[in-house]
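Peer 1: So that we are looking at the same thing, I have put the structure below in structure tokens.
Read the figures in this text as sums done on the coordinates, not as results from a lab. Bear in mind the structure is a predicted one, so any value in this text is a computation, not a measurement. All Cβ positions, glycine included, derive from the backbone under ideal geometry; neighbour counts span all protein chains shown.
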Amino acid sequence: MPTKFDFRLQPLLDFRKRVEAEKRREFEACRRAADECVAEIGRLDLRCRHWGDAIAASVSGRPASELRLHDAHLRLLEGAIARERRRLAELESSCAEAQDKLVAASRERRVIERLKERRLCAFVREEARGEELAIDEANARAHERRLRERRQVRRAESAAS
């Protein structure tokens, strides 16, 4: 019965896989937040253009107080867009950092996996070598047994003659 391969660093490999999965979740959450921020900027920009068009359309024949309200609302929207753009810049920075951490965690996991692969290959080679030695030894014993049997047959034949 062949022996089972036992990788002593398997707990470390499992730990590094968990760390990598955690870093991947963090990166994906950051990426989703950045995507949502981009979508919000798009919505705000659309509203800003709508209000800008509304101001342009209502310039003639509208009271100044209504124009001021439209202008104030437009400025609020522009302020919200500016805040979202700053938030997006922060999120992009966080995403880049999270991605760097994910790449590092992946690299650390791959190092241990490569070590496991090398040790498994060495284990397989050693098992194959052991099997070859066992087969060679069995063949040598069978050969010796056949030689002894031939000698006994020759002795019996020479004794009978």
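Peer 1: Considering region 80-101 alone, what residues qualify as being exposed (fewer than 14 other Cβ atoms within 10 Å of the Cβ) and of a type in the set (S, T, N, Q)?
Peer 2: Scanning region 80-101 gives a single hit, Ser93.
Residues checked against (1) over 33 Å from the mean Cα position of the chain (by Cα); (2) within 18 Å of Glu36 (Cβ to Cβ):
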| position | (1), (2) |
| --- | --- |
| Ile81 | yes, yes |
| Glu84 | no, yes |
| Ser94 | no, yes |
| Asp100 | no, no |
| Glu108 | no, no |
| Val111 | no, no |
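Peer 1: Let me ask another. Within region 64-79, identify whether any single residue is within 30 Å of Glu117 (Cβ to Cβ), hydroxyl-bearing (Ser, Thr, Tyr) and loosely packed, with under 15 Cβ neighbours inside 10 Å, and answer yes or no.
Peer 2: Initial filter on region 64-79 (within 30 Å of Glu117 (Cβ to Cβ)): none.
No, because not a single residue in region 64-79 is within 30 Å of Glu117 (Cβ to Cβ), hydroxyl-bearing (Ser, Thr, Tyr) and loosely packed, with under 15 Cβ neighbours inside 10 Å.
Peer 1: Would you confirm whether any residue within region 48-68 is among the hydrophobic types (A, V, I, L, M, F, W, C), in a helix (DSSP H, G or I), without any contact (Cβ under 8 Å) to a residue 40 or more places away in the chain and within 30 Å of Arg25 (Cβ to Cβ)? Let's see the steps before the verdict.
Peer 2: Within region 48-68, the subset among the hydrophobic types (A, V, I, L, M, F, W, C) is 48, 51, 54-57, 59, 64, 67.
Subsequent filtering for residues that are in a helix (DSSP H, G or I) retains 48, 51, 54-57, 64, 67.
Next, from what is left, pick out any that are without any contact (Cβ under 8 Å) to a residue 40 or more places away in the chain: 48, 51, 54-57, 64, 67.
Of the ones still in play, those that are also within 30 Å of Arg25 (Cβ to Cβ) are none.
Scanning region 48-68, I find no residue that is among the hydrophobic types (A, V, I, L, M, F, W, C), in a helix (DSSP H, G or I), without any contact (Cβ under 8 Å) to a residue 40 or more places away in the chain and within 30 Å of Arg25 (Cβ to Cβ), so the answer is no.
Peer 1: Right, here's the next one. State whether the residues of region 9-24 include one that is surrounded by 13 or more Cβ atoms within 10 Å (Cβ to Cβ) and not in a helix (DSSP H, G or I).
Peer 2: Yes, region 9-24 contains a residue that is surrounded by 13 or more Cβ atoms within 10 Å (Cβ to Cβ) and not in a helix (DSSP H, G or I).
Peer 1: So if I check each of Glu126, Glu108, which one is among the charged types (D, E, K, R) and exposed (fewer than 12 other Cβ atoms within 10 Å of the Cβ)?
Peer 2: Glu126
Peer 1: Quick check: is even one residue across region 37-47 part of a helix (DSSP H, G or I) and touching a His at 6+ places or on another chain (Cβ under 6 Å)? It would help to see each step written out before you state the result.
Peer 2: Let us first name the residues in region 37-47 that are part of a helix (DSSP H, G or I), namely 37-47.
After this cut, where a residue has to be touching a His at 6+ places or on another chain (Cβ under 6 Å) as well, the list is none.
Within region 37-47 (the criterion being part of a helix (DSSP H, G or I) and touching a His at 6+ places or on another chain (Cβ under 6 Å)), the answer is no, since none of the residues qualifies.
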